[in-house]
Amino acid sequence: MKETIRQLTEAFGPSGYETEVTSLIKTMITDFVDEIKTDVLGNLIAIKKGASNGHKIMFAAHTDEIGVVVTHIDKEGFLRFATVGGVGISTLVGNRVRFPNGIIGVIYHEKADWKDLKIDKLYIDIGAESKEEAMEQVKIGEFGIFHREFCDLGNRLIAKSMDDRVGCAVLVEAIKKIKEPRNALYFVFTTQEEVGLRGARTAAYDLEPDLGIAVDVTITGDMPEARRMEVSLGKGAAIKVKDSSLIVHPKVKQILMDLAEKNKIPYQMEVLEFGGTDAGAIHLTRSGVPSGAISIPTRYVHSPSEMIDIRDVEASVDLVVALANKELNELN
Ligand code: CO
Ligand code: ZN
């Protein structure tokens with residue numbers, strides 16, 4: 001499990017450029033699914049057919065990560081950039097960016113007021129001495145990601161892009177564990193979530209599921225002077241109640257809570273006051289899809305060092321497996 005998380009978090013996949021991640025996932029799961037395909041937006045869709053009278057469940061975990069895109073290179077060879085997805089400006093200074101060809105740069109700021117650090121005061125230094133030298137290495141419009149290695153602290157792990165490679169890892173592990181599911185399972189490794197839930201939207205339209213479940217990270221309230229929130233690392237899978245993109249269908253919330261109780265899976269309730277997940281797009285598809293989310297509690301979300309607890313990841317896998325095998329007549 002940890003090795004899967006390491007491989008997935010070390011892969012390169014800013015929004016729109018997720019193929020390294022989807023290819024990696026494909027090699028991990030091909031032997032365990034009935035069918036596997038990629039759609040126009042790059043979503044990887046893996047199917048386990050299940051019993052013929054089961055319900056159609058779409059599980060979604062996004063493969064893309066936040067990053068930067070180069071907008072301008074000045075004559076001294078410094079790069080200016082825009083952010084891709086919700087990048088926290090306060091986490092950028094001194095951090096490193098990696099481009100697809102392996103070029104590394106450091107982000108720093110102009111002489112600026114620390115209290116009012118704006119993106120246009122920041123630049124990336126790739127060590128070039130002129131615009132020409134810089135242009136040989138990185139082009140305008142190139143996408144980059146944070147350059148950080150995976151760290152194993154025991155129960156806790158730190159990496160870039162835990163959001164949402166840890167969700168991808170949950171689905172990969174569940175795919176390997178589920179043998180003959182009660183329901184028809186569509187595991188969708190979605191693209192472009194961080195820029196507006198885009199991949200999930202087209203995938204859900206095509207699949208027309210009876211139930212949609214996003215597997216993604218959520219923030220926690222267990223750090224010094226954190227915003228009040230009843231989610232902590234190590235206390236189990238988080239069952240979403242709401243976020244800004246979705247109010248979880250009451251029946252779906254109940255199904256997940258009952259499953260966790262019945263199978264003695266540790267869980268906690270997530271009420272997220274901002275942010276969204278793929279379920280936000282799925283539930284508004286066609287005439288509507290009952291939807292919910294299983295979240296992995298994560299500290300420092302959208303920074304280059306996101307921290308999770310492996311026990312919560314295992315609980316999330318157990319909940320996905322339990323749902324795959326549950327008769328879902330209450331949805332009719
Ligand atoms: Co995110
Ligand atoms: Zn996410």
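All of the numbers you see were taken from the coordinates with simple rules; none came from a lab. Note that the structure is a prediction, hence the values are computed from the model and not measured. FYI the Cβ positions are ideal-geometry reconstructions off the backbone, even for glycines, and counts take in every protein chain you see.
For T38 and M269 in the same chain, what is the full-extension length gain: residue separation times 0.36 nm, less their Cα-Cα distance, in nm?
Fully extending the segment from T38 to M269 adds 79.8 nm.
Take every DSSP beta bridge whose two residues both sit in the range 1-97, then give the antiparallel share in percent to the nearest 5.
90 percent
For the chain, what proportion of DSSP beta bridges, expressed in % and rounded to the nearest 5, is antiparallel?
For the chain, the DSSP antiparallel bridge percentage is about 60.
Please go through the residue pairs K49/K326; K2/K176; K37/K253 and name each one whose alpha carbons sit more than 24 Å apart in this structure.
Table pairs above 24 Å Cα-Cα are K37/K253.
Let me have the 222 nm mean residue ellipticity of the chain computed from DSSP H runs of 4+ only, each contributing -39500 (n - 2.57), with the sum over all residues rounded to the nearest 500.
The per-residue figure over the chain is -8000 deg cm²/dmol.
Take the alpha carbon atoms of the range 54-100, find their center, do the same for the range 226-240, and report the distance between the two centers in whole angstrom.
Spelled out, the Cα-based centre of one part sits 26 Å from the other.
Compute the relative contact order of the chain as a whole-number percentage, counting only Cα pairs closer than 8 Å that sit 6 or more residues apart in sequence.
23 percent
Could you work out how far apart the two model spin labels at E225 and T91 are, taking each label as a point 7 Å from the Cα in the direction of the beta carbon, and quote it in nm?
Result for the modelled spin labels: 2.0 nm.
So which trypsin sites (Lys or Arg not before Pro) in the range 1-101 end up in coil per DSSP with only 15 or fewer other C-beta atoms within 10 Å?
Loop-located and lightly packed - K49, K75.
What order, most packed first, do the peptides 200-206, 18-24, 162-168 have when packing is the mean number of other Cβ atoms within 10 Å of each residue?
The most tightly packed comes first, giving 162-168, 200-206, 18-24.
Taking neighbour counts of Cβ atoms within 10 Å as a proxy for exposure, in what order, fewest first, do T91, T220 appear?
T91, T220
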